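The values are calculated or read from the model by the stated rules, or taken from the named source; none is laboratory data. Quantities reported herein were computed from a predicted structural model and do not represent experimental measurements. Heads up, the Cβs are rebuilt from the backbone with ideal geometry, glycines too, and the neighbour counts pull from every protein chain shown. All accessible areas refer to the heavy atoms of the entire protein, side chains included, with ligands and DNA or RNA removed. Shrake-Rupley method; radii C 1.70, N 1.55, O 1.52, S 1.80 Å.
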Amino acid sequence: MRILMSLAGFALAAATFSYTALAQETTDEGTLDPAEVETLFPKTGYSPYAGNTFPTRPLFGDTHLHTSQSFDAISFGNFLGPEEAYRFARGEEVISSTGLHTRLSRPLDFLVVADHAENMGTMGEIKAGNPALMDDPELKRWNQMLNSGGGQAMNVYYEIMASVGGSGKPLPAALRSDELTRSVWQKNVQAAEKYNDPGTFTALIGYEWSSTTGGDNLHRVVVFRDGADKTEQILPFSSFQSDKPEDLWKALQGYESKTGGSVLAIPHNGNLSNGLMFPLVNPVGGQPLTPEYARTRASLEPLMEVTQIKGDGETHPHLSPNDEFANFERWDDGNLDLSAAKTPEMLQFEYARSALKNGLKLEKELGINPYKYGMIGSTDAHTSLAAVEENNFFGKLPHAEPSAGRATHPLAKFGDKVVMGWEMTSSGYAAVWATENTREAIFDAMKRKEVYATTGPRMLVRLFGGWDFAEADAKTRSPAAVGYAKGVPMGGDLPPAPAGKSPTFLVAALKDPIGANLDRYQIVKGWMDATGDLHEQVYDATWSGDRKPGADGKLPPVGSTVDVANATWTNTIGAPELISVWTDPDFDPAQRAFYYARVLEIPTPRWTAYDAKYFGVTMPPEVPMTLQERAYSSPIWYSPAG
């Protein structure tokens, strides 16, 4: 018996036929011939997963972790190298530099060990008393300071920072040995090769280029798609060679030309750049940006790091005064070493939302959008430990690992200026919609910007944009199938607008299985009007409970179940899942625009509350004790036709 049916009719037919009866009618033995199976159950038939080529789950990882091979990490007391970093990320229990046993709640899926290119591994050689370096009296002095530990070792870091920033003595020439750099780089590459396990855990090869002239942070993490056969052909490009991003890009283009490989760079969140990370004019000479600058930056920098330990970089209350969630984990006192104060006019060139808006303006002027960024989070931890869950936060530096006084003691001192320990943000991770857990698939997902940032929780976030999503599409249990079929995912571009239609978005989020319920799913829209002015609006697309927006259009707060004294909360408010279809109510087909998701959890205890409970200490009144964790998706862009 041969049954021919359409996909639409198959669901009804499947309800009336049993597999056994069907099998008995097709063969005498009650089994199906493979050819008959293909006819009866085509790939578009019963199983909704057969033939799928799109990613079905996000992979979580950290693209920005430092080990003892970074000069600042070892100066502050980190003794753990790349091997320990990979073992920890894979889910193993390790002992931290301060002697604490630690482990992740769940393994990560991928990791980039991103040690500084500048002085990579040299502090370890100095501390060990490498004879080739001890002839230099400055390095011999540093050897003694590093081995003294504590404040003496930390002073080595401050001296190097002064040199790199231009306010100190030039660094000793011995530190710039290519031979020394090559030996350390090969060790890092080989550690990545050892722990890379395609399908299970991905160790992406990378490093950090750390331009900090004048204290202004223009750092980029460099990530390779390739293995040792290509990455060992080059040395990491450092800011000692040039502190200009354009020269880094030339070096990366040179790598691709030389090896046939692929590489990308990820700018840090720009809140410590003092207005230089996402400029409208070139900081070097103040000249207008050129199409070539925009084209190169867009090609090599598809992503931005929007949240990490040194603060959140989505937006700022000064930039988004009508956004009640803009005041989140701010670091806005100055640049990296606090040598220059922050002024309000700098802010729009530091934060992701304003950079995305300015990108629309530059695209109109240059024909290319240099700030067409996807968004990820990562840690920037210098402990070798990618641990940023609030109840498992191991800090930025070894002296900021869990202890009774870490919140109320300085994290760093620069003269009379201090960053307090409680100011550390327990953030974040990168979530990548890759088709498989391999270097190639993860890198390719990053290039197409199908990624999102979280401040630590592993919530699942989907965002699809199109012109024909309907409410029925939000009732599916497989939103990705309809999302890819009818629209584009996060990181994509909407096709031209059909006459009379507004863009529709399929939005979906699922809570972290061991985390907090969800408060709301928001769409953040930015656009440029006919006069060139830039605007933004935050829309509540879907939310938990039966709340109604007030007269001001704002949704009431979800409430809080946090017991600060005991550092606990309950999931008796919020929702485990949010899914809906949202239509832009203010769409103008003549205006350039972008849309990204911001998903908020219900309030939960901050890491400072967990510290207070565990160590039995009282935090000063200025220390925040709760927060609303969140995720930021990569945008979807719209451009007018013509």
Between Ala551 and Ala481, Cβ-based FRET efficiency (R0 41 Å, step 0.05) works out to 0.55
Percent antiparallel among DSSP beta bridges (both partners in the chain, rounded to 5)
85
Binned at 10 Å from 0, what are the whole-percent values of the Cα-Cα distance distribution for the stretch 328-450, short to long?
11, 28, 32, 22, 6, 0
Length-normalised contact order of the stretch 38-153 in % [C-alpha pairs under 8 Å, at least 6 apart]:
25
In whole Hz and in residue order, list the ³J(HN,Hα) couplings for the stretch 72-82 that follow from phi through the Karplus curve 6.51 cos²θ - 1.76 cosθ + 1.60, θ = phi - 60°; x for Gly and Pro.
6, 4, 6, 5, 8, x, 7, 10, 9, x, x
For Glu577 and Ser177, what is the calculated FRET efficiency with R₀ set at 45 Å and r taken between the beta-carbons, to the nearest 0.05?
0.20
Share of carbon and sulfur in the accessible heavy-atom surface of the stretch 47-153 [1.4 Å probe, %]:
49
How big is the dipole moment of the chain about its Cα centre under a simple scheme where the beta carbon of each Lys and Arg is +1, that of each Asp and Glu is -1, and everything else is neutral? Debye, nearest 20, please.
280
Averaging over all projection directions, find the projected area of the Cα convex hull of the chain and quote it in nm² with one decimal place.
32.7
By how many nm would the segment from Met134 to Lys194 lengthen if fully extended, with 0.36 nm per residue of separation less the alpha-carbon distance?
18.4 nm
For the stretch 130-185, fraction of C-alpha pairs farther apart than 16 Å, in %:
50
The summed charge of the Asp546 Cβ neighbourhood (under 14 Å; Lys/Arg +1, Asp/Glu -1) stands at +1
By accessible area of protein heavy atoms, probe 1.4 Å, what ranking do Ile514, Ile602 get, highest first?
Ile514, Ile602
Straight-line reach from Lys417: which lysines have Cα under 19 Å away, leaving out those fewer than 8 places along the same chain?
Lys310, Lys342, Lys396
Which value in nm describes the separation of the simple spin-label points at Thr290 and Gln537, placed 7 Å from the Cα toward the beta carbon?
3.9
Name the residues whose placed amide hydrogens come within less than 5 Å of the amide hydrogen of Met304, ignoring near sequence neighbours (fewer than 5 apart) on the same chain.
Gly374, Met375, Ile376
Along the charge dipole of the stretch 576-642, Cβ charges K/R +1 and D/E -1, which of Leu600, Tyr638, Pro624 sits furthest on the positive end?
Pro624
Run the reach check for Lys372 against lysines, Cα to Cα strictly under 17 Å, same-chain hits fewer than 8 apart removed. What comes back?
Lys357, Lys361, Lys364, Lys447, Lys449, Lys525
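First compute the accessible area of the stretch 311-430 with a 1.4 Å probe, then give the percent of it belonging to carbon and sulfur atoms.
Solvent-exposed carbon and sulfur of the stretch 311-430 make up 51 percent of the total.
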Once amide H atoms are built 1.01 Å from N in the peptide plane, which residues 5 or more positions from Gln522, or in another chain, come under 5 Å H to H?
Ala541, Arg598, Val599, Leu600
Quick check for you: with a 1.4 Å probe and neighbouring chains kept, what is the accessible area per residue of the stretch 82-156, in Å²?
40
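Given an 8 Å cut-off on Cα distances and at least 6 residues of separation, report the relative contact order of the chain as a percent.
12
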Using only the Cα atoms of the stretch 282-333, construct the convex hull and provide its projected area averaged over every direction, in square nanometres to one decimal.
5.5
Long-range amide H partners of Ser273 with built H, under 5 Å
Asn217
Sequence gap at least 6, Cα distance under 8 Å: using those rules, report the relative contact order of the stretch 324-471 to the nearest whole percent.
19
Scan the chain and report its longest stretch carrying no GluC sites (Glu not before Pro) that are both in a DSSP loop and have at most 10 other Cβ atoms within 10 Å.
94-621
